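The structure appears below as structure tokens.
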Amino acid sequence: MGLFNKVKEKRSDERNEIENEQLKEALFDKALQMLVEGKDYVKLDYTTCEFGYVYIIENYGVEALFKIRTDVNVFYFAAQENTIKRLNINEELFNDITETFLNIH
């Protein structure tokens, strides 16, 4: 019972923000700034962004996994402690990480 209570307490400090369009737009904008014109995209006209998960964790910040599809390729990003990092992963790993994260949160 003690372990269950600790897990439950920890989860109360987390908020699923997958519906928070403002937060997702801000993350998307920051990640777009990391892309290089001519190398990562030619035109951004049909660029899309898909989020695996977006959480706000108290005393930690944002925890998110997302991908941006440009006219050149798909690029993966993580937000951790309010910092955005570009990842070197593929679609399968993106899906695995998303599934694992959502299962434990």
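Residues in the stretch 54-91 that are among the hydroxyl-bearing types (S, T, Y) and surrounded by 18 or more Cβ atoms within 10 Å (Cβ to Cβ) were compared, and the one that is farthest from F28 (Cα to Cα) is Y55.
The set of residues in the stretch 31-65 that are assigned to a strand (DSSP E or B) and hydrophobic (A, V, I, L, M, F, W, C) comprises C49, F51, V54, I56, I57, V62, A64, L65.
If you go through the stretch 54-86 and pick out every residue that is free of Cβ contacts under 8 Å to residues at least 12 places away in the same chain and among the aliphatic types (A, V, I, L, M), you end up with 0.
Would you confirm, using the coordinates I've provided, whether V36 is surrounded by fewer than 17 Cβ atoms within 10 Å (Cβ to Cβ), among the β-branched types (V, I, T) and either under 13 Å from the mean Cα position of the chain (by Cα) or at pLDDT below 95 (or both)? No. Here I18, I68 are screened, and the one residue that is in a loop (DSSP other than H, G, I, E, B), touching a helix residue (DSSP H, G or I) at 6+ places or on another chain (Cβ under 9 Å) and modelled with pLDDT of 95 or more is I18.
The values are calculated or read from the model by the stated rules, or taken from the named source; none is laboratory data. These numbers come from a predicted model, not from an experiment. Note: ideal-geometry Cβ built from the backbone for every residue, glycine included; neighbour counts use all protein chains shown.
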